[in-house]
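Participant: Before we start, here is the structure in question, set down as structure tokens.
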Amino acid sequence: MKSLLDLPFHRRFVDALPGDPSTIVAPRQVHGAAYSKVTPSPVSAPSLVGWSSALAGNFGIAAPKAASAELGVLAGNKLAPGMEPYAACYGGHQFGNWAGQLGDGRAITLGEAPDVTGALWEFQLKGAGPTPYSRRADGRAVLRSSIREFVCSEAMFHLGVPTTRALSVVATGEEVMRDMFYDGNPAGEPGAIVCRVSPTFLRFGNFELFASRGERELLRQLADYTLLNFYPKLGVPGPESYLAMFREICARTAVMVAHWMRVGFVHGVMNTDNMSILGLTIDYGPYGWLDDFDPSWTPNTTDLPGRRYCYGRQPSISVWNLAQLARSFAALIPEQVPALQEIIDDYGRLYEEESGKMMSAKLGIARLSGAEDGALFQELSELLQSAETDMTIFFRGLSSVSLQESNPSLPSFLNEALYAPPPAELESRWLAWFSRYQMRVRQDEPDEEVRRRAMNLVNPLYVPRNYLLQEAIEKAEKGDTSGVAELLDLFSRPYTEQEGKERFTARRPDWARDKPGCSTLSCSS
Ligand code: AMP
Ligand code: MG
């Protein structure tokens, strides 16, 4: 089998776009450039914590051995032939406010390599040391957040959610200082580097920064690069194809967010610098998974006051973000402003279309439509919230509801999904809901087995609940990486029942309810 060092690395981005003439790593504003060349900073004792064989298989490469040159590349200690590392220059809106230049403060792209089909993928190290965009921070990442990004990217891929991927996590053997609780008590934590992989890591923010600075030529070059390399079917660069590209970005974003809602994923920091230009889930930080179905839940402690990025607001935030991107496109094609506005105005319909498809599939209904279906769905949403009900367990269990008998008792999976005993009056509402549901489902698919199988393809059995990740992290911090490997393997088949893995299907245990890392997360990663 090949190794990482055998891959022919390309440098499309560096060749196509103007770069920063300065190589000074000190924090600074970078104008007129799409990136700054920067070399990863070496680390003292790299060791492999996690490796995605599934992704490695796409490139036909083997896991790196201890102390090997390949491991050195993944740790930022060595470059493979053809690599021309850089940090990208971008800006963004953070929590609704324009933040100016941000950039890759701790991510360094190494280059692009072909998979076995010949398609090129960008390889990027996260946590590989300072860049001109590091501002006051150190360019490093802690092991806990690196494991979270690694496991969740791969889990999302197998869940069928558009996402960037992750090839490896390498512990650096060095400590980084973090004030995890923002209480003025920073402590040393083990450091790590994730190698993430995506067709591109370009964000809305790359476009926004150039537009905000009036760097129109650079904006055009970036749009051409994106179009030619990632949306080649949309035609040669020009006003029509730029517009078509914007429409496509909207469509992909709608699909991505509808998937998040389907699986119960909350991104936690939907700033425009964390929105991919390809509609991929990007930048796994203080994200979380809904345990009990609470649309106002946000995993991010920084988001707690306003809950801007809570589960239920993700669709509306996605259009807010797209409207910011539309303003950048307006700088590129001012004559197309009305058309851009039309696309934004149509986003709600587009999202509802996607979400309608997915929610129908979750319920085992061919297509939710009309007032009665609307009421059925609304009542379910209210019931799930009236008593703390686990979203994953509930929807997975729903496929087991028998259509034959008119059952006067509640299905047993509902008990397993509840975090607290429900108020007594809820029982009759649930019973009424299940009988309406049975009737409705029978109309579309009378064959129970067919329905069950179809529902089990969209309602996952295993999701990366925060507490499960936290357990694997605590083990890895003590040097035992088996928990990471176990989760990676478990989440590679999230819809398939796996023997001996029953404990991973249970609801969140009580001890994890308010524990940091299990209920909420800080951005200090
Ligand atoms: P995020 O909240 O992760 O999207 O990051 C926002 C900005 O802060 C980006 O420009 C990051 O590159 C930068 N950043 C976050 N953490 C660090 C760090 N430890 N060192 C340098 N830059 C960072
Ligand atoms: Mg980010």
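Participant: With a 1.4 Å probe and all protein chains left in place, how much accessible area per residue does segment 1-129 have, in Å²?
Facilitator: 39 Å²
Participant: Within 14 Å, Cβ to Cβ, of Ile61, how many net charges do the neighbouring residues add up to if Lys/Arg are +1 and Asp/Glu are -1?
Facilitator: Neighbourhood net charge equals 0.
Participant: Okay, moving on. Starting from the Kirkwood radius over alpha-carbon pairs of segment 305-413, derive D by Stokes-Einstein at 25 °C in a medium of 0.890 mPa s and give it in µm² s⁻¹.
Facilitator: 143 µm²/s
Participant: With equal scatterers on the alpha carbons only and no solvent term, can you work out the Debye log10 of I(q)/I(0) for segment 51-197 at 0.16, 0.17 1/Å?
Facilitator: -0.96, -1.07
Participant: Once ligands and nucleic acids are excluded and a 1.4 Å probe is used, how much of Arg216 is accessible, expressed in Å² to the nearest 10?
Facilitator: About 130 Å², rounded to the nearest 10.
Participant: Relative contact order (percent) for segment 277-424, with alpha-carbon contacts under 8 angstrom and 6 or more residues of separation?
Facilitator: Reported relative contact order: 23 percent.
Participant: Let me ask something additional. What percentage of the solvent-accessible surface of segment 1-105, computed with a 1.4 Å probe over protein heavy atoms, is contributed by carbon and sulfur atoms?
Facilitator: 56 percent
Participant: Would you mind checking the radius of gyration and Dmax of the chain based on alpha-carbon positions, in Å?
Facilitator: Every Cα atom of the chain included, Rg and Dmax give 23.5, 74 Å.
Participant: Once neighbouring chains are kept in place and the probe is 1.4 Å, which whole percent of the accessible area of segment 244-300 is contributed by carbon and sulfur?
Facilitator: Here carbon and sulfur together make up 53 percent of the probe-accessible area.
Participant: Based on the alpha-carbon gyration tensor of segment 183-240 and its eigenvalue square roots a ≥ b ≥ c, which shape applies: rounded if a/c is under 1.5, prolate if not and a/b is larger than b/c, or oblate?
Facilitator: It is oblate, given that a/c is not under 1.5 and a/b is not larger than b/c.
Participant: Given only helices, namely DSSP H runs of n ≥ 4 each adding -39500 (n - 2.57), what is the per-residue ellipticity at 222 nm of the chain, to the nearest 500 deg cm²/dmol?
Facilitator: Calculated at 222 nm, the ellipticity per residue is -12500 deg cm²/dmol.
Participant: Taking GluC sites (Glu not before Pro) as exposed when DSSP calls them loop (any state but H, G, I, E, B) and at most 12 other Cβ atoms lie within 10 Å, what is the longest stretch of the chain free of them, the sites themselves excluded?
Facilitator: Longest gap between qualifying sites, sites excluded: 1-404.
Participant: With a 1.4 Å probe and all protein chains left in place, how much accessible area per residue does segment 183-337 have, in Å²?
Facilitator: Accessible area per residue: 29 Å².
Participant: Right, next: Restricting attention to segment 1-100, which trypsin sites (Lys or Arg not before Pro) occupy a DSSP loop and are surrounded by at most 12 other Cβ atoms within 10 Å? Before the final figure, lay out the partial values.
Facilitator: Details: sites: Lys2, Arg11, Arg12, Arg28, Lys37, Lys65, Lys78; in loops: Arg11, Arg28, Lys65, Lys78.
Sparse-neighbourhood loop trypsin sites (Lys or Arg not before Pro): Lys65.
Participant: What is the percent carbon and sulfur in the accessible area of segment 465-525, measuring with a 1.4 Å probe over the protein chains and ignoring ligands?
Facilitator: 46 percent
Participant: Number of Lys pairs in the chain with C-alpha atoms less than 20 angstrom apart, excluding same-chain neighbours closer than eight positions?
Facilitator: 9
Participant: Next up: What number comes out for accessible area per residue over segment 457-525 if the probe is 1.4 Å? Units Å², please.
Facilitator: Numbers: 3160 Å² over 69 residues.
Counting only protein heavy atoms, the per-residue value for segment 457-525 is 46 Å².
The values are calculated or read from the model by the stated rules, or taken from the named source; none is laboratory data. For clarity, every value in this text was computed on a predicted model and none was experimentally measured. Cβ sites come from the backbone with ideal geometry, for glycine too, and all protein chains shown count toward neighbours. The area values use the complete protein model at the heavy-atom level, side chains included, leaving out ligands, DNA and RNA. Shrake-Rupley method; radii C 1.70, N 1.55, O 1.52, S 1.80 Å.
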